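Participant: Submitted below is the structure of interest, expressed as structure tokens.
Throughout, read-outs are computed from the coordinates displayed, never taken from laboratory work. Everything quoted here is computed from the prediction, not taken from an experiment. Every residue, glycine among them, receives a Cβ derived from its backbone with ideal geometry; neighbour counts consider all protein chains shown.
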Amino acid sequence: MKRIAVFTSGGDAPGMNACIRAVVRGAVYHGLEVFGIRRGYSGMINGDIFQMTSHSVSNIVQRGGTILKSARSKEFMTPEGRAKAAEQLQKFGIEGLVAIGGNGTFTGATLFYDEYGIPTVGAPGTIDNDLYGTDHTIGFDTAVNTALEAIDKIRDTADSHDRIFFIEVMGRDSGYIAIQSGIAGGAEMVMVPEVLTPISEVVETLKAGWSRQKSSSIVVIAEGEEAGIATEIAEKIRAQVEPKVDMRVTTLGHIQRGGIPTAYDRILASRLGLGALEGLMNGEKNVMAGVVNNELVYTPFRDTIRLPKPISEDLLRMVKILSV
Ligand code: F6P
């Protein structure tokens, strides 16, 4: 293999730049030509492809976002879109790909290999931490710390005004950001899609806290229909808590996707970027590089998407105990 390309796809995540840097510098080190593709599969279809050098990735290890930009391409999910993408890669003589992204990215890469035989090795780039085959995804640690900083700030004002706050965090269908930021932020309750909490239990916990002179409470809720929509949960609880307590809802939103990556994310991203590149050079395909128990491992794309990554019951139990 002489020529490879790297791209970022799906929702961006802090640490993606450190990962791109590792792929590019690793390729240069190993004597490969390396190309960047802008805006993920959309750029592949449109031929937005350019050669990268060691210098192209100077001074980016500390930057959030992705210098290659990112997109979710509907066109690549069609056979016509993939045909255009394959034509462009052929034009540039690209023989292998490193894809930094999440499950949508890996689904696309699998279809692409089946049809055109172009191998892809993935690096898990998503704040959601929802991929089997790695303990943590790139960007997750930074997102948790961003959410935590917000929770700490909200606790100050919650306490001053004797209020209950419902804080909605991101994660798509996964409760990882919620559970980690909730524990670190001392939340009274954490609601995750993996283990559904009845409203009655939330009401009981909040009432119990109130009866023990708790003047404020924080409930962290993972976004989406499963755990519940924070505004709807707050309304249901408002109707059931007597005497009436002042409640507010805060949705943290996209601040969780930005910002300077933590040291942990930069190191993980560097390791996974180089791991993905070297895997590709060694003939791996349709697999994601991950770190499990501090070991670099490769997991088939279909397993990273299909297999569950459950939240530890211990952590959920701990939230209950520690909010006593
Ligand atoms: O997958 C990352 C993520 O931030 C999810 O947590 C969230 O549900 C989704 O992307 C938001 O997507 P968009 O940026 O397209 O609104």
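Participant: Please give the peptides 300-308, 20-28 ranked by average Cβ packing (other Cβ atoms within 10 Å per residue), highest first, as a rough proxy for protection.
Facilitator: Peptide ranking by packing, descending: 20-28, 300-308.
Participant: Here's another thing I want to ask about it. At 7 Å along Cα-to-Cβ for each site, give me the label-to-label distance between residue 294 and residue 321 in nm.
Facilitator: My value for the distance between the label points is 2.5 nm.
Participant: Next question, about the same structure. Given the DSSP H assignment, sum -39500 (n - 2.57) over each helix run of at least 4 residues in the chain and divide by its residue total; what's the result at 222 nm in deg cm²/dmol, nearest 500?
Facilitator: Numbers: 11 runs with 139 residues, N = 324.
Computed ellipticity for the chain at 222 nm equals -13500 deg cm²/dmol.
Participant: Still on this model: Please report the spacing between the Cα centers of region 187-245 and region 1-35 in Å, no decimals.
Facilitator: 43
Participant: With each label point set 7 Å from Cα along the Cα-Cβ vector, what nm distance links residue 195 and residue 208?
Facilitator: Placing both labels 7 Å beyond Cα along the Cβ direction yields 1.4 nm.
Participant: While we're here: List the residues whose amide H sits under 5 Å from the amide H of residue 241, counting only those 5 or more places along or on another chain, with H placed 1.01 Å from N in the peptide plane.
Facilitator: Long-range HN contacts for residue 241: none found.
Participant: On to the next question. Among 75-84, 211-220, how do they line up from the highest to the lowest mean number of other beta-carbon atoms within 10 Å?
Facilitator: Highest to lowest by the protection proxy: 211-220, 75-84.
Participant: Expressed in nm to one decimal, what extension gain is obtained for the pair residue 226 and residue 50 from 0.36 nm per residue of sequence separation less their Cα-Cα distance?
Facilitator: Stretched out fully, the residue 226 to residue 50 stretch lengthens by 59.2 nm.
Participant: To continue, here is another question. Working out 0.36 nm times the residue gap between residue 60 and residue 242, then minus their Cα-Cα distance, what length gain in nm do you get to one decimal? Don't skip to the end; give the middle numbers.
Facilitator: Working: separation 182, 0.36 × 182 = 65.52 nm, distance 5.26 nm.
Stretched out fully, the residue 60 to residue 242 stretch lengthens by 60.3 nm.
Participant: Each residue of region 24-34 in order: what ³J(HN,Hα) in whole Hz does its phi give by Karplus 6.51 cos²θ - 1.76 cosθ + 1.60, θ = phi - 60°, with x for Gly and Pro?
Facilitator: Each residue of region 24-34 in turn: 5, 5, x, 5, 4, 4, 8, x, 9, 8, 10 Hz.
Participant: In addition: State, to one decimal in nm, how far the label point of residue 255 lies from the label point of residue 84, with both points 7 Å from Cα in the Cβ direction.
Facilitator: Here the modelled spin labels are 3.8 nm apart.
Participant: In the neighborhood of residue 131, defined by Cβ-to-Cβ distances under 14 Å, what is the net charge if each Lys or Arg adds +1 and each Asp or Glu adds -1?
Facilitator: Counting the neighbours of residue 131, the net charge comes to -1.
Participant: In addition: Taking +1 at the Cβ of each Lys and Arg and -1 at the Cβ of each Asp and Glu, which of 146, 177, 216 sits farthest along the dipole of region 143-258 towards its positive end, judged by Cα position relative to the Cα centre?
Facilitator: Of the candidates, 216 comes out farthest on the positive side.
Participant: Just to confirm a number: summing +1 for Lys and Arg and -1 for Asp and Glu over residues other than residue 296 whose beta-carbon lies under 12 angstrom from that of residue 296, what do you get?
Facilitator: Numbers: positive: 271; negative: 135, 278, 284, 295.
Residues close to residue 296 contribute a combined charge of -3.
Participant: Next up: If we count other beta carbons within 10 Å of each Cβ, what is the order of 113, 29, 176, fewest first? Walk me through the intermediate numbers first.
Facilitator: Working: 113 16, 29 11, 176 24.
With the sparsest Cβ surroundings first, the list reads 29, 113, 176.
Participant: Grab the beta carbon distance between residue 114 and residue 2, set R0 = 25 Å, and tell me the FRET efficiency rounded to 0.05. List each step's numbers first, then the result.
Facilitator: Numbers: r = 24 Å, r/R0 = 0.94.
After rounding to 0.05, the efficiency reads 0.60.
Participant: Suppose R0 equals 41 Å; then what is the FRET efficiency for residue 30 and residue 173 from their Cβ-Cβ distance, rounded to the nearest 0.05?
Facilitator: With R0 = 41 Å, the Cβ-Cβ based efficiency is 0.65.
Participant: Sticking with this one: For region 57-71 and region 125-155, what is the separation of their C-alpha centers, rounded to whole Å?
Facilitator: For region 57-71 versus region 125-155, the Cα centre distance is 18 Å.
Participant: OK, next. Quick one: 3J(HN,Hα) in Hz for region 43-60, Karplus 6.51/-1.76/1.60 with θ = phi - 60°, rounded, Gly and Pro as x.
Facilitator: x, 5, 5, 8, x, 7, 10, 9, 6, 10, 10, 4, 5, 4, 10, 5, 6, 10
Participant: Quick check: net charge around residue 54, other residues with Cβ under 14 Å of its Cβ, Lys/Arg +1 and Asp/Glu -1? Spell out each step's value before the answer.
Facilitator: Values: positive: 21, 25; negative: 33.
Computed value for this residue: +1.
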